[in-house]
Amino acid sequence: MYRPQNLRIPGPTFVPQAVLSASARPLINHRGPEFAALLAGMTRALQDFLRTRGDVFLLTASGSGAMEAAVANTLSSGDKVVVFVNGAFGERFHQILRAYGVDARRVEVPWGRAVDPDVVRDDLARERGKDGSKAVFVTHNETSTGVLNPLKEIAAVVRESGKLLVVDSVSGAGAVDLDVDDWGIDVLVTAAQKAWGAPPGVSMITMSERAWKAFDRSNLPKAYFNLQTYKAQLEKGATPATPAVTVYIALQESLRLMAEEGLDSIVKRHRDLAFATRRGLQALNLAIFADEAFASPTCTAFRMPTRLDSRNLIRVLREEHDTIIAGGQGRLEGQIARVGHMGFVTIQDMLSFFSALELTLRGFNQPVEQGVAISAALRAYAEATQPPARTPVASRR
Ligand SMILES: Cc1ncc(COP(=O)(O)O)c(C=O)c1O
């Protein structure tokens, strides 16, 4: 019998029925007026959500494609750049840069910790007077460890240095505090299947004026991802190649639902759900992998009890409770599990996750008092979202 799964991986995320239904609409001509209107409306909506008056392009590619576009459109072969790496996605940026022949210097930050703006400042200061790096690459929300890097403060430091700032916000944008123009971010990438609650296949990339100046000097090969062709086509209401029309239509519906909720409420909801999730896990004595101060609002990574491999926990959650979470990536495989709470997610989704987790842990002979995580998560959520209950008038006497 088919039962809907509680899809709690950090992307692709749950897609609401209204969005799925939108993607089932008949196809339209991607060079016709309906598509032009759709593209113009979505571009404006994305500018609002990302808080930019600069360019935003929709690419038919996953988030990694947009990361590649960010590299190819701003740099030249042999350019020096710095990449701050505190997880698997920082490593991915580094790999892409190396594949393009960029001289990318890695600054390693322990996984689970955030990139400290003072470390960025000191690092860039050491370059002063030398033939330093042109750009700084950083991951906003490191999905592999559940860490939200303090991007606003990092951006302020990079702005002082005059270098280009390129940000992977694939799993942050649309769910966390972000102001592309005000913070001075030159290029930022995100993807439809994360906080935007749409199916995978489309990613988004912003370009500041500084980024366009870098584009003019850049000599890295670019064809499918040449953003100048996207800009020229956008003015005509089209894309350079055939776009994933169906995913665009779905994303348009997600953006409409998100606009209805409002960005401030979305950001607060993510913060509150993340807080509730951490408290629920801690009630089960499962340690949160990230520092509390930098814990991600969209994805929580937690350690396993001794002698329990996260792959086994994940298997039982899936096979017996239709609850799907993710494991650790790279060096963290088997050691941690990651639960996503991004996009169209509610406290009920998280309570359902906790009920499955409690039963699963008990099955592994862990000392779990049933209901403890559910109750801790619910209490934390209520504390974050509701003012304290007033004493009823009748009982005041
Ligand atoms: C922070 C981050 N960057 C990049 C990516 C890669 O995105 P995609 O899988 O859409 O290529 C992901 C996907 O999980 C991510 O979380």
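The values are calculated or read from the model by the stated rules, or taken from the named source; none is laboratory data. All of these numbers come straight from a predicted model, not from anything done at the bench. Here the Cβ is made from the backbone with ideal geometry for all residues, glycine too, and neighbour counts use every protein chain on show.
Annotation note: Cβ proximity below 8 Å between a residue of the stretch 367-389 that is assigned by TED's automatic domain parsing to the domain that holds Gln282 and a residue that is in a loop (DSSP other than H, G, I, E, B) and surrounded by 15 or more Cβ atoms within 10 Å (Cβ to Cβ) (sequence gap 6+ or interchain) occurs for Val368/Leu284; Val372/Leu284; Ala373/Leu284. Restricting attention to the stretch 253-305, the residues that are under 27 Å from Ser23 (Cβ atoms) and β-branched (Val, Ile, Thr) total 3. The sole residue among Thr246, Thr229, Thr239 that is of a type in the set (S, T, N, Q), in contact with a Phe, Trp or Tyr (Cβ under 7 Å, 6 or more places away or on another chain) and more than 16 Å from the ligand (Cβ to nearest atom) is Thr239. Considering the stretch 130-141, and only residues there that are surrounded by 24 or more Cβ atoms within 10 Å (Cβ to Cβ) and closer than 23 Å to Lys80 by Cα, the residue that is nearest to the ligand (Cβ to nearest atom) turns out to be Thr139.
Within the set of pairs 6 or more residues apart or between chains, which connect a residue that is at pLDDT below 95 inside the stretch 338-360 to a residue that is of a type in the set (Val, Ile, Thr) with Cβ atoms less than 6 Å apart? Partner pairs satisfying both residue conditions: none exist. Being within 9 Å of the chain's Cα centre (by Cα) and away from the ligand (no atom under 12 Å from the Cβ) is the requirement here; does Gly174 meet it? The answer is yes for Gly174.
Scanning the stretch 56-96 for residues that are among the acidic types (Asp, Glu) and within 12 Å of the ligand (Cβ to nearest atom) yields Glu68, Glu91.
Looking at the stretch 253-261, is at least one residue within 30 Å of His341 (Cβ to Cβ), crowded, with 20+ Cβ neighbours inside 10 Å, of a type in the set (A, V, I, L, M, F, W, C) and in contact with a Leu (Cβ under 9 Å, 6 or more places away or on another chain)? Yes, because at least one residue in the stretch 253-261 is within 30 Å of His341 (Cβ to Cβ), crowded, with 20+ Cβ neighbours inside 10 Å, of a type in the set (A, V, I, L, M, F, W, C) and in contact with a Leu (Cβ under 9 Å, 6 or more places away or on another chain).
Every condition in (1) modelled with pLDDT under 95; (2) among the basic types (Lys, Arg); (3) out of contact with any Phe, Trp or Tyr (no Cβ under 9 Å at 6 or more places or on another chain) is met by Arg331 except one, and the failing one is (3). Whether any residue in the stretch 234-244 is out of contact with any Leu (no Cβ under 7 Å at 6 or more places or on another chain), part of a helix (DSSP H, G or I), over 22 Å from Pro12 (Cβ atoms) and not assigned by TED's automatic domain parsing to the domain that holds Asp48 is what I want to check. The answer is no; no qualifying residue exists.
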